[in-house]
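Q: Quick one: the structure is below, questions incoming.
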Amino acid sequence: MISLRHHIVTLAAVFFALALGVVLGSTSMSNGLLSGLRSDKSGLQQNLDSTETERNALREQLNSANGFDSAVAPLALRGSLAQRSVVIFTAPDANSGDRDAVVKLIGQAGGSVSGQLALTPAFVNPANADQVRSTITNVIPAGVQLPTGAVDSGSLAGALLGSVLLLDPKTAKPRATPAELSVAVQALQAGGFIGTGGTAPEPGQLAIVLAGGAVTGDGAGDRASTVARFAAALDRTSAGVVLAGRSGSADGNGPIGVARADADITAALTTVDNVDSSAGRITSVLGLQEQLEGRAGQYGTSRTAQAMTVSTQG
């Protein structure tokens, strides 16, 4: 007869065996899991190393391409802007390195920079649109008539500054007196809408509007539109204007993107969406020559660009 003690000992042995089996099985499974994770980690590390190697190779290729473009720039641009003067406008998010590089290239092309004006954050702020319009209507020179269909602040400012800062495309002569130019610039400067860096600008024949990349944050679309319409209005009053932005500027909320979405603007205005590269900067200067010839194009690396750079075929 089986005693109670014997029964308890038997049950304990059974439970002990079960527990031991669970522990041994868990250990085996854990070892397998760890082995698999180590293998996955090794594979991921290999992929990461391969990607890093490819990225470094692409970076070296890009640097080489930029170096080559910079080296051939004087030859490619030689004489393209001979005796031409250019006014440079910068949007609030424009890069100073882009500006300095473009200024240098204009000189290599035989041209000169007659003035530099910076559009301020206050200028592109939608909340200040009424104040910008009011400032403009109070300083319109006699004989200058702004477009009746232009009611947004960007278009009105472009039309005003184009009239006083850019030469008549037919006669290549100023359309405003030095006093009228000074009044217009000082009024916008006093309102906090533009800056001149302390140097009074002089009239030029052509203009480049430099922008940053994609515009983000509150009112991004309105701010990008203000820059795009400013450039378009400048273009209508002059012998030619190029709107150039960095990578991302051709996105929907970028000034290049806004401009290219309007067929009326792109019919006359040249745009470049990669001015943060040597190729884009060279294209921006070649675009001014294209504008002088009465042509316009959309250049760069985005999907909305027509070509990488200006065709030499004319």
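Q: Just to be sure I understand the filter: pairs with C-beta atoms under 6 Å, separated by 6 or more residues or on different chains, first member in segment 100-118 and within 19 Å of Gly158 (Cβ to Cβ), second member surrounded by fewer than 20 Cβ atoms within 10 Å (Cβ to Cβ) and modelled with pLDDT under 95. Which pairs pass?
A: The qualifying pairs are Leu117/Thr196.
Q: So the check is Cβ under 6 Å with 6+ separation or different chains; which pairs have a first residue in segment 217-237 that's among the acidic types (Asp, Glu) and a second one that's in a helix (DSSP H, G or I)?
A: Between residues of segment 217-237 that are among the acidic types (Asp, Glu) and residues that are in a helix (DSSP H, G or I), the close pairs are Asp222/Pro126.
Q: Would you please list the contacts, defined by Cβ atoms under 6 Å and residues six or more apart or on different chains, that run from a residue in segment 163-188 that is more than 11 Å from Pro141 (Cα to Cα) to a residue that is part of a helix (DSSP H, G or I)?
A: Ala187/Thr135
Q: Among the residues of segment 239-251, is there at least one that is open to solvent by 10 Å² or more (accessible area, probe 1.4 Å), in contact (Cβ under 8 Å) with a residue 60 or more places away in the chain, not in a loop (DSSP other than H, G, I, E, B) and not acidic (Asp, Glu)? Outline the logic, then answer.
A: Quick first cut of segment 239-251, residues open to solvent by 10 Å² or more (accessible area, probe 1.4 Å) only: 239, 246-248, 250-251.
If we keep only those that are in contact (Cβ under 8 Å) with a residue 60 or more places away in the chain too, we end up with 239, 246.
From the residues that got through so far, the ones that are not in a loop (DSSP other than H, G, I, E, B) too are none.
There is no residue in segment 239-251 that is open to solvent by 10 Å² or more (accessible area, probe 1.4 Å), in contact (Cβ under 8 Å) with a residue 60 or more places away in the chain, not in a loop (DSSP other than H, G, I, E, B) and not acidic (Asp, Glu).
Q: Follow-up question, since we're still on this one. Taking Asn95 and the conditions (1) polar (S, T, N, Q); (2) open to solvent by less than 30 Å² (accessible area, probe 1.4 Å); (3) more than 18 Å from Phe230 (Cα to Cα); (4) within 23 Å of the chain's Cα centre (by Cα), which numbered condition does it fall short on, given that it satisfies the others?
A: For Asn95, the exception is condition (2).
Q: I would also like to ask the following. When segment 91-134 is examined, which residues are found to be part of a strand (DSSP E or B) and within 22 Å of Leu292 (Cβ to Cβ)?
A: Ser112, Val113, Ser114, Gly115, Gln116, Leu117
Q: Among the residues of segment 161-195, what is the count of those that are open to solvent by 20 Å² or more (accessible area, probe 1.4 Å), in a loop (DSSP other than H, G, I, E, B) and either at pLDDT 95 or above or out of contact with any helix residue (DSSP H, G or I) (no Cβ under 6 Å at 6 or more places or on another chain) (or both)?
A: 11
Q: Another one. Checking Ala231 against (1) exposed (fewer than 15 other Cβ atoms within 10 Å of the Cβ); (2) not in a loop (DSSP other than H, G, I, E, B), which single condition isn't satisfied?
A: Unmet for Ala231, out of (1) exposed (fewer than 15 other Cβ atoms within 10 Å of the Cβ); (2) not in a loop (DSSP other than H, G, I, E, B): (1).
Q: Of all residues in segment 247-273, count the ones that are more than 15 Å from Ala214 (Cβ to Cβ) and either of a type in the set (Val, Ile, Thr) or in contact with a helix residue (DSSP H, G or I) (Cβ under 7 Å, 6 or more places away or on another chain) (or both). Spell out the reasoning first.
A: Keep residues of segment 247-273 that are more than 15 Å from Ala214 (Cβ to Cβ), which gives 262-270, 272.
Next cut, either of a type in the set (Val, Ile, Thr) or in contact with a helix residue (DSSP H, G or I) (Cβ under 7 Å, 6 or more places away or on another chain) (or both) only: 265-266, 268-270, 272.
Count: 6.
The values are calculated or read from the model by the stated rules, or taken from the named source; none is laboratory data. Remember, predicted model here, so these are calculated numbers, not experimental data. Neighbour counts are summed over all protein chains in view; Cβ atoms, including those assigned to glycine, are modelled from backbone coordinates with ideal geometry. These area figures cover heavy atoms from the full protein model, side chains too; ligands, DNA and RNA do not enter into them. Shrake-Rupley method; radii C 1.70, N 1.55, O 1.52, S 1.80 Å.
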